[in-house]
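Working notes for the structure below.
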Amino acid sequence: MVILSVAFIVGSLSVASGIRNRNLPQTNQITITGSAEQAVTSNMFQWRANVASTQPTTSAALAQLNGWTAQIRNALVGAGALNSEISFGSVSVQPNSQATGQVTSFTESQTLTVQSTRLSAMQRVLGVSDLLLARNVPFIAQEAQYTFNGLKKLRPLLTSEAAANARQRAQAALGKQVKLGKPLSITVGQVSVDAPGSVSYGSGDFNTSSIPKIVSVVVYATYAT
């Protein structure tokens, strides 16, 4: 009898709970993604390279390195770069040892950066790499980078447009007969910077290889219906 009584009580509570939940107002909602994008043009050029010399002594390596950096600067200026756009880092020294531990030579290297807002003028500067290599200057250049420094101002504008786009899409999905309610949550996704024709919304991509770019923002919104 005790077991039957407990089962009866539990069953009664479950039914009562079900009746209460059925009488509560149901919250319907819709979750949707909104997006916005804008075409921009890169406004900063940056090109990094490295040059290194290996010689039996540090003085010999430094002398050769200094000669090469002078040639590099002259070539860059001759191609249209300004002295103020060229910067050299400090010289690093690496001793080279044999298996016995004896130091046989020293490698001294230096990095350089060309940074400019004059993007059109920099196209000729990029040709310096082949010129220096032809002169036996070990100019090891990285790929040039093109960036847009207006993302901080652009992001809130695109976020607002993406939120408006999400609301429009949610209303379109529901149809004209259903009124879209207030937003329950809005999450802003990552800003993406891509080359035209290869936009990847919400990926967080940061393209630096193309001068024209597409900046995009996505939002994930949930609305009451």
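The values are calculated or read from the model by the stated rules, or taken from the named source; none is laboratory data. Since we're looking at a predicted model, the values are computed, not measured. Cβ sites come from the backbone with ideal geometry, for glycine too, and all protein chains shown count toward neighbours.
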Among the residues of the range 170-214, count how many are closer than 11 Å to SER35 by Cα and of a type in the set (A, V, I, L, M, F, W, C). 2
Of all residues in the range 100-119, count the ones that are modelled with pLDDT of 95 or more and not in a strand (DSSP E or B). 3
Quick one: would you say ALA141 is more than 30 Å from TYR223 (Cβ to Cβ) and crowded, with 17+ Cβ neighbours inside 10 Å? yes
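Which count do you get for residues in the range 174-211 that are aliphatic (A, V, I, L, M) and in contact with a Phe, Trp or Tyr (Cβ under 6 Å, 6 or more places away or on another chain)? Walk me through how you get there before you give the answer.
Taking the range 174-211 as the starting set, the residues that turn out to be aliphatic (A, V, I, L, M) are 174, 178, 180, 184, 186, 188, 191, 193, 195, 199, 211.
From what is left, the residues that are in contact with a Phe, Trp or Tyr (Cβ under 6 Å, 6 or more places away or on another chain) are 180, 193, 211.
Summing the residues that are aliphatic (A, V, I, L, M) and in contact with a Phe, Trp or Tyr (Cβ under 6 Å, 6 or more places away or on another chain) in the range 174-211 gives 3.
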May I ask you to list the residues in the range 180-201 that are in contact (Cβ under 8 Å) with a residue 24 or more places away in the chain and either loosely packed, with under 13 Cβ neighbours inside 10 Å or among the small types (Gly, Ala, Ser) (or both)? GLY181, LYS182, SER185, THR187, GLY189, SER192, PRO196
May I ask you to verify whether VAL128 is touching a Phe, Trp or Tyr at 6+ places or on another chain (Cβ under 6 Å) and within 14 Å of PHE45 (Cβ to Cβ)? no
Is it the case that the range 151-165 has a residue that's under 30 Å from ALA60 (Cα atoms) and without any contact (Cβ under 8 Å) to a residue 40 or more places away in the chain? no
Note on the range 69-94: residues in contact with a helix residue (DSSP H, G or I) (Cβ under 9 Å, 6 or more places away or on another chain) and part of a strand (DSSP E or B) are ILE86, PHE88, VAL93
For ASN66, indicate whether it is out of contact with any Leu (no Cβ under 8 Å at 6 or more places or on another chain), surrounded by fewer than 17 Cβ atoms within 10 Å (Cβ to Cβ) and closer than 30 Å to ALA162 by Cβ. no
Restricting the first residue to the range 31-47 and requiring it to be more than 26 Å from GLU143 (Cα to Cα) and assigned to a strand (DSSP E or B), which pairs with a second residue that is at pLDDT 95 or above and acidic (Asp, Glu) meet a Cβ separation below 6 Å and a spacing of at least six or different chains? ALA36/GLU161
Selection within the range 104-130 - exposed (fewer than 15 other Cβ atoms within 10 Å of the Cβ) and within 18 Å of GLN64 (Cα to Cα): THR104
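Yes or no, residue by residue, for (1) within 30 Å of VAL188 (Cα to Cα); (2) in contact with an Asp or Glu (Cβ under 6 Å, 6 or more places away or on another chain):
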position: THR58; (1), (2): no, no
position: LEU76; (1), (2): no, no
position: VAL93; (1), (2): no, yes
position: SER109; (1), (2): no, no
position: GLU143; (1), (2): no, no
position: ARG155; (1), (2): yes, no
position: GLU161; (1), (2): yes, no
Every residue from the range 207-225 that is outside any loop (DSSP other than H, G, I, E, B) and either surrounded by 15 or more Cβ atoms within 10 Å (Cβ to Cβ) or free of Cβ contacts under 8 Å to residues at least 12 places away in the same chain (or both): LYS213, ILE214, VAL215, SER216, VAL217, VAL218, VAL219, TYR220, ALA221, THR222, TYR223
Test: residue in the range 51-58 that is of a type outside the set (A, V, I, L, M), surrounded by fewer than 17 Cβ atoms within 10 Å (Cβ to Cβ) and out of contact with any Phe, Trp or Tyr (no Cβ under 9 Å at 6 or more places or on another chain): no
